[in-house]
Amino acid sequence: MNGRRVVVTGMAGITSLGSDWTSIEANFSANRSGIRRMAEWDRFTELNTRLAGPVDDFSVPPHWTRKQLRSMGRVSRLSVLAAERALATARAMVRRFQPIARRWKADFGLTVGIGIGIEAGEVVVGNVGSPSFMSYTIIGDPVNVAARLMQMASTNEILIGPRAMQALQAVLGQANGYDRRELALRGKAGRVEAFAVRVAAA
């Protein structure tokens with residue numbers, strides 16, 4: 001990995017237990033479940049389940065326009081908001097680390113920085129392993145793509161994968177101001193389209 005490591009610096013989600021880690025952790029600690037019977041699904045006679053974890057407290061962000069909302073169903077809105085939050089968090093992480101990097105350079109002569117990869121898609125989250133050893137992890141192609149993009153990102157740079165960018169374009173419009181690249185990622189047969197965002201020095 002060329003001396004780089006993946007670090008989990010925070011956890012959040014848009015879930016039936018809350019949309020920030022404080023709420024989610026509190027509900028976990030109280031042994032609450034967001035799963036309930038969906039009585040409104042009774043009219044779907046061919047649906048074999050009535051259980052779900054609905055996100056009841058979701059509200060549309062005020063900066064989304066009526067024109068944008070016309071093209072997005074509920075699932076799309078949740079996906080777009082998750083991508084928006086990921087990009088906002090990535091920018092904040094880079095900006096907040098910049099003063100630390102400057103201090104470490106001055107005090108210890110260390111040259112350090114942050115590069116971030118973002119991708120969207122379906123993943124599996126949970127305890128994976130055997131009865132003798134279980135590990136809580138996240139697996140799936142988006143995880144691998146994000147990790148590869150992180151490895152290729154330069155200091156103060158965010159690389160956004162194609163599916164995450166597709167979600168972001170719903171509210172950001174075309175990728176104006178983003179550096180579009182075709183990258184060869186390990187484990188991928190073809191080149192992967194990515195968009196680079198540079199975070200200005202704080």
Selection from 34, 59, 48, by position along the positive dipole direction of region 28-74 (Cβ): 59
Label-to-label distance, nm, for residues given as residue 28 and residue 65 (7 Å Cα→Cβ offset): 4.0
Low-density loop positions, GluC sites (Glu not before Pro), region 16-122 - DSSP coil, at most 15 other Cβ in 10 Å: 46, 122
Extended-chain gain in nm, criterion 0.36 nm per residue less alpha-carbon gap, residue 182 and residue 58: 41.1 nm
Relative contact order, percent, region 105-172 [alpha-carbon distance under 8 Å, six or more residues apart]: 40
Residue 183 long-range amide H proximity, modeled H, under 5 Å: 192, 193, 194
Residue-normalised accessible area of the chain, expressed per residue, 1.4 Å probe, Å²: 66
Extension gain (nm, one decimal) between residue 144 and residue 40, 0.36 nm per residue minus Cα-Cα: 33.7 nm
Ordering of 155-163, 193-201 by burial proxy (mean other Cβ atoms within 10 Å per residue, highest first): 155-163, 193-201
Share of carbon and sulfur in the accessible heavy-atom surface of region 27-179 [1.4 Å probe, %]: 54
Peptide ranges 13-19, 104-110, 72-78 listed from the most packed, as the mean C-beta count within 10 angstrom indicates: 13-19, 72-78, 104-110
Options (1) 37; (2) 24; (3) 40 - which one matches percent of Cα pairs over 29 Å apart as calculated here: (1)
Debye, to nearest 20: dipole size of region 70-202, +1 on Lys, Arg Cβ, -1 on Asp, Glu Cβ: 320
Positive-end residue, region 90-202 charge dipole about Cα centroid, Cβ charges, pick of 162, 151, 104: 104
Difference of contour (0.36 nm per residue) and Cα-Cα distance, residue 110 to residue 201: 31.0 nm
Gyration tensor (alpha-carbon) shape descriptor, region 34-82, a/c threshold 1.5: prolate
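The values are calculated or read from the model by the stated rules, or taken from the named source; none is laboratory data. The model shown is predicted, which means the values in this text are computed figures rather than measured ones. Here Cβ is always computed from backbone atoms with ideal geometry, including for glycine, and neighbour counts include all displayed protein chains. The protein model used for the area step is the full one, side chains on, heavy atoms only, and it has no ligands, DNA or RNA in it. Shrake-Rupley method; radii C 1.70, N 1.55, O 1.52, S 1.80 Å.
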